[in-house]
Amino acid sequence: MSTTANANLFSRLFDTLDDTTRLAIETPDGKHISYGDLVARSGQIANVLVRRGVKPGDRVAVQVEKSVENLILYLAVVRAGAVYLPLNTAYTLNELDYFITDAEPSLVVCDPAKAEGLRTIAAKVGARVETLDASGKGSLSEGADASSADFATVPRGNDDLAAILYTSGTTGRSKGAMLSHDNLASNSQTLVDFWRFTDKDVLIHALPIYHTHGLFVASNVTLFARAAMIFLPKLDPERIIQLMSRATVLMGVPTFYTRLLQSPNLTKDATGHMRLFISGSAPLLAETHREWSARTGHAVLERYGMTETNMNISNPCDGERVPGAVGFPLPGVSARVVDPETGKVLEADEIGMIEVKGPNIFKGYWRMPEKTRSEFRDDGFFITGDLGKVDTKGYFHIVGRGKDLVISGGFNVYPKEIESEIDAIDGVVESAVIGVPHADFGEGVTAVVVPQKGATLDEAAILRALDGRLAKFKMPKRVLFVDDLPRNTMGKVQKNVLRDSYKDLYTT
Ligand code: AMP
């Protein structure tokens, strides 16, 4: 529930701000932006938005490199009662065409280099175009410089939309997840408490801000706590290690942790000032968790969420953080594991579909009412599409996306079980197990393995090591070797890419 009269996320963030001089953001080039600066600049930008015709409920589509000005643009859009719609900076004009024509924003903000191409697309839906570059300069910021900082935050209700984030869409069309003011505010406030954030915290922020992780989890949580963040444009392991001496929290995807572990400078001393390391958006290998604990003395806190739901489940701050588990449902969130066919709630350790319910769950997919209906149960639970189980201590474990389940000879094969066995073999860095069309079995279990440099591993050696450890129907029919697994920008292994690469493996 709103703590102030206006349920607008901006009001809930800043109406109670008492110390405007407090540091909010530090940039790599040494700029210090206070909470007062954030509020004032958001007022200036909100005035530009309104002058450009942006009305409450309008979408503002933004494809801009990470910068403080970009983050303030997000706050300004929300403050103006409009709907913030960030777009991955990697999207090409061809891809942007789909998002812009689907979302029909009234304003598009982009890098000057893309402005010409985007004007043609924006014209199709009658949107205007403003520019903002990686250094925070462009027509938008020029307009803001000349504007007043006074702006009356537009009143919004709990269920009014604050943002639409398109899902990464590895199969089918990308869908716009509609997130309300209360979805975002309630989840961030829960996380502040659950992760014990205070105004003493300093977060190392090296995630992109077009995704839920960097935009909402990292930024909203920090701002609600009146903590500070050090804004880095991207993952830079050595820089992060240097900053740890004056920071307290790092939030990252698993790749952050594997990359940091490669540095000899990652030591107990280097991490001594840090309070908390948080990982999410993709599975953190239990082995990485253990290696991190051994090297730094810190147990990584893994949590589970998604664009549609914000954060659902988290390991505790106090209490055991179990390697390979994502923890307990957050306060106010209900989570269960059910039989995907019947919806029956399963017993401990049985694998099924994870379903969640709570104030954090989105309002549906933009202009896809049928798709939305099909993803919710009658009792309001959202069907996440992730398979998992709850262990006897109540910890949730994610087994993988339902779409990645392999069905071989009529048997369900859960890739994670086989990947864990393969990863434990000497000389293996990591692996991905996929199902590939097979004339006899429907799908053939197929392992794609990244060997350590110099390791003398071959297919026969892997199969020998697995023999006796896995039931016959789970044994890979083929083992293939690659230098790296294909990953998206959030560090998720793109199994659809692997399935496509090897689709003819058993037919040719
Ligand atoms: P996104 O919407 O891009 O944040 O992706 C959400 C998906 O990432 C979830 O549905 C899961 O499949 C995956 N995911 C997020 N956190 C974890 C985690 N801690 N372990 C395993 N998978 C995760």
- Is the shape of the stretch 154-280 rounded, prolate or oblate, going by the alpha carbon gyration tensor and its root eigenvalues a ≥ b ≥ c, with a/c under 1.5 for rounded and a/b larger than b/c for prolate? oblate
- Message: Accessible area per residue for the chain in Å², computed with a 1.4 Å probe and the full protein assembly in place, what is it?
- Response: 41 Å²
- Alpha-carbon Rg with Dmax, taken over the stretch 207-248, Å: 10.9, 29
- Query: So what does the Cα-only Debye profile of the stretch 309-445 read at q = 0.16 Å⁻¹, as log10 I(q)/I(0), no solvent term?
  - Reply: -0.95
- Task: Mind counting lysine pairs for me in the stretch 24-140? Cα separation below 20 Å, and the two need to be 8 or more apart along the chain or on different chains.
- Result: 7
- Message: Accessible area of the chain with a 1.4 Å probe: how many percent of it is carbon plus sulfur?
- Response: 51 percent
- Message: How large is the translational diffusion coefficient of the stretch 293-335 in µm² per second when you combine the Kirkwood radius over alpha carbon pairs with Stokes-Einstein at 20 °C and 1.002 mPa s?
- Response: 192 µm²/s
- Among the lysines, select those whose C-alpha is under 18 Å from the C-alpha of Lys472, and discard any that sit fewer than 8 residues away in the same chain. Lys416
- Note on the structure: The Kirkwood hydrodynamic radius of the stretch 209-325, taken as the inverse of the mean 1/r over all distinct Cα pairs, in Å, comes to 14.6 Å
- Query: Once you charge only the Cβ atoms, +1 for Lys and Arg and -1 for Asp and Glu, what is the size of the charge dipole of the chain about its Cα centre, to the nearest 20 debye?
  - Reply: 440 debye
- Kirkwood Rh for the stretch 431-473 from C-alpha pairs, in Å, is 12.0 Å
- Item | 11 Å beta-carbon shell around Val337, net charge (K/R +1, D/E -1) | -4
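Over the chain, what is the relative contact order in percent, taking alpha-carbon pairs closer than 8 angstrom and at least six residues apart?
10 percent
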- Query: Across 5 Å bins from the origin, how do the percents of Cα pairs in the stretch 1-56 run, short distances first?
  - Reply: 4, 17, 18, 21, 20, 13, 5, 1
- Query: Which angle from 0 to 90°, rounded to the nearest 10, does the C-alpha axis of helix 35-51 make with the longest principal axis of the chain?
  - Reply: 80 degrees
- At q = 0.08, 0.09, 0.11, 0.14 Å⁻¹, what is the base-10 log of I(q)/I(0) for the chain according to the Debye formula with one equal point scatterer per Cα and no solvent? Please give it to two decimals. -0.51, -0.65, -0.98, -1.50
- Message: Can you give me the convex hull volume of the Cα atoms of the stretch 3-127, divided per residue and expressed in Å³?
- Response: 112 Å³
- Could you pull the Cα extents of the stretch 128-191 along its three principal axes, largest to smallest, in whole Å? 41, 31, 25
- What percentage of all Cα-Cα pairs in the stretch 67-143 are separated by more than 18 Å? 37 percent
- Message: Give me the one-decimal Kirkwood hydrodynamic radius in Å for the stretch 427-508, with the sum taken over alpha-carbon pairs.
- Response: 13.5 Å
- Task: Quick one: work out the % antiparallel among DSSP beta bridges in the chain, nearest 5.
- Result: 60 percent
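The values are calculated or read from the model by the stated rules, or taken from the named source; none is laboratory data. Quick caveat: nothing in here was measured; it's all calculated off a predicted structure. Every residue, glycine among them, receives a Cβ derived from its backbone with ideal geometry; neighbour counts consider all protein chains shown. Surface areas here come from the heavy atoms of the whole protein model, side chains and all, with no ligands, DNA or RNA. Shrake-Rupley method; radii C 1.70, N 1.55, O 1.52, S 1.80 Å.
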